[in-house]
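For reference, the structure discussed in these notes is given below.
Every read-out reported here was derived from the displayed coordinates using simple, explicitly stated rules and does not represent laboratory data. Bear in mind that the values here come from a model prediction, so they are computed numbers and not experimental data. Cβ placement follows ideal geometry from the backbone for every residue including glycine, while neighbour counts extend to all protein chains displayed.
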């Protein structure tokens, strides 16, 4: 859904692609950047985390054909213009000035005095000098329409599961009346939802304004989002990784499921469980399980003896030989 951010952010530049990029190439660019800046690859790096969120926001818009078309139209019309909401009788010319300047020629500028003052010059020139805003509370003189209410912005926080599955939440409106909001499945942190007619009432009987709600998603102690995929770190024993095993892994909002760990799995390898990610009307993601070999901090005498025997049986095998050779080359 369109927001003021669309006038300020070049999502194509964020992903390093051309405006004519295909959806397939767009996805490739996103995956490359997502791997580079993912928090798992940059632990404790706040800049990388912020970059990852920026990349995810850009891809969420451009990967949706309908939103991408709307984004391109708005950017083409606004050329970076900024829409701002003024109070009743307040300033309203700052953002629309650039848009209408582009539509009617660079020499055409609006006044930034009152709510009606900015448009009066443009509309007066188009429909005659008397065709501006009226002096009474009836709205447009000559058009007869009352003025709409002002747009209102708000922020709400929801838990990770609600953001993933979707739900209906109740907010407290500015007038004390509750507002029911449907949170769609797969909503992302920082996403904006527009609620038609939930803003401020019109001062003269017109349509009420809209409410633009920014959603903040709480972090989950186990899972992370990557588009429609969910990521989870799964510890395994050395024996399970070396010999192979079938283990249980957690699933968001459900019972654990069984997953096969192939023999010879290395620590850090990612195993995929199809269809266990975020489910939305536009598609369903996967669960990406990152294997972590758990090394015991204390060994019993029997365990130490068994490992000594394993080391002796391994001979002179050195897993770093290839690394050292490539470093020298």
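What to note about this one:
- Against the conditions (1) over 19 Å from the mean Cα position of the chain (by Cα); (2) surrounded by fewer than 20 Cβ atoms within 10 Å (Cβ to Cβ); (3) under 24 Å from residue 61 (Cα atoms), residue 210 satisfies every one except (2).
- When residues in region 13-39 are screened for being surrounded by 15 or more Cβ atoms within 10 Å (Cβ to Cβ) and either farther than 24 Å from residue 74 by Cβ or under 17 Å from the mean Cα position of the chain (by Cα) (or both), 11 of them pass.
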